[in-house]
Amino acid sequence: MDLDLVAKLGLKLHNKVYNIACTNYKRLKKRMVISKYRDNPKYLNIGGGIFVRDHWRVLDFITPWYNYLGIFVDYDFDLESLKKFPIDDESFDLVYIFHVLEHLSDQAVVHTLKETYRILKPGGVRIVVSDIDLAPLSLQTPTFKVVQNVISG
């Protein structure tokens with residue numbers, strides 16, 4: 001949140017106009033980020049929505065439920081489709097998945113992990129963060145054993 005922008009516009013935090021200004025600011029920022037896209041380093045945020053940072057791309061699925069403005073999502077992709085990501089092999093230095101896998105089917109979790117491995121450059125890093133409250137339950141599911149096998153090779 002850019003509080004200087006809020007002050008310059010004379011807005012209050014709970015003002016509807018502020019929400020519009022925030023969206024416009026993020027849209028402008030995303031355009032600036034896109035204009036500076038480079039291939040090195042290159043990071044991917046899966047399920048990132050309106051996440052905007054230098055060097056980052058976002059893979060998310062635009063639906064009526066998550067109706068992001070198209071400019072925020074670099075790869076509009078349904079993880080449940082089980083299709084190949086629309087991304088070249090070995091093209092990202094880092095893949096970040098935050099609170100996404102726990103919302104997917106077992107097959108989609110395995111497929112997503114395999115695809116992230118495929119798109120990582122050699123020596124790349126994959127960071128996965130899931131809902132810690134669901135962890136004890138996930139250890140009891142068949143998916144846990146499958147994911148263990150995928151991760152260990």
The range 118-153, subset under 16 Å from residue 94 (Cα atoms) and within 15 Å of the chain's Cα centre (by Cα), residue modelled with the lowest pLDDT: 129
query: Does the range 89-106 hold any residues that are surrounded by fewer than 19 Cβ atoms within 10 Å (Cβ to Cβ) and either at pLDDT below 95 or within 17 Å of residue 58 (Cβ to Cβ) (or both), and which are they?
result: 91, 93, 94, 98, 99, 102, 103, 104, 105, 106
- line: The number of residues in the range 65-103 that are part of a loop (DSSP other than H, G, I, E, B), in contact with a Leu (Cβ under 8 Å, 6 or more places away or on another chain) and aliphatic (A, V, I, L, M) is 3
- line: When the range 55-80 is checked residue by residue, the ones that are surrounded by 12 or more Cβ atoms within 10 Å (Cβ to Cβ), at pLDDT below 90 and out of contact with any Gly (no Cβ under 8 Å at 6 or more places or on another chain) are 69, 71
- request: Return the residue satisfying two criteria in turn: it lies in the range 21-51 and is within 21 Å of residue 120 (Cα to Cα) and aliphatic (A, V, I, L, M), and of such residues it is surrounded by the fewest Cβ atoms within 10 Å (Cβ to Cβ).
  value: 34
message: Return the residues of the range 104-119 that are part of a helix (DSSP H, G or I) and among the aliphatic types (A, V, I, L, M); say none if nothing qualifies.
response: 108, 109, 110, 113, 119
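Here is a yes/no grid of residues against (1) in contact (Cβ under 8 Å) with a residue 60 or more places away in the chain; (2) among the aromatic types (Phe, Trp, Tyr); (3) under 24 Å from residue 30 (Cβ atoms):
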site	(1), (2), (3)
67	no, no, yes
78	no, no, yes
82	no, no, no
85	no, yes, yes
95	no, no, yes
100	no, no, yes
110	no, no, no
113	no, no, no
117	no, yes, no
Flag for residue 52 being aliphatic (A, V, I, L, M), in contact with a Lys or Arg (Cβ under 9 Å, 6 or more places away or on another chain) and more than 23 Å from residue 111 (Cα to Cα): yes
message: I'd like the residue in the range 29-50 that is hydrophobic (A, V, I, L, M, F, W, C) and more than 23 Å from residue 118 (Cα to Cα) and, out of all such residues, is farthest from the chain's Cα centre (by Cα).
response: 32
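The values are calculated or read from the model by the stated rules, or taken from the named source; none is laboratory data. A quick note: this is a predicted structure, and the numbers were derived from the prediction, not measured. Note that we place each Cβ from the backbone using ideal geometry, even for glycine, and neighbour counts take in every protein chain shown.
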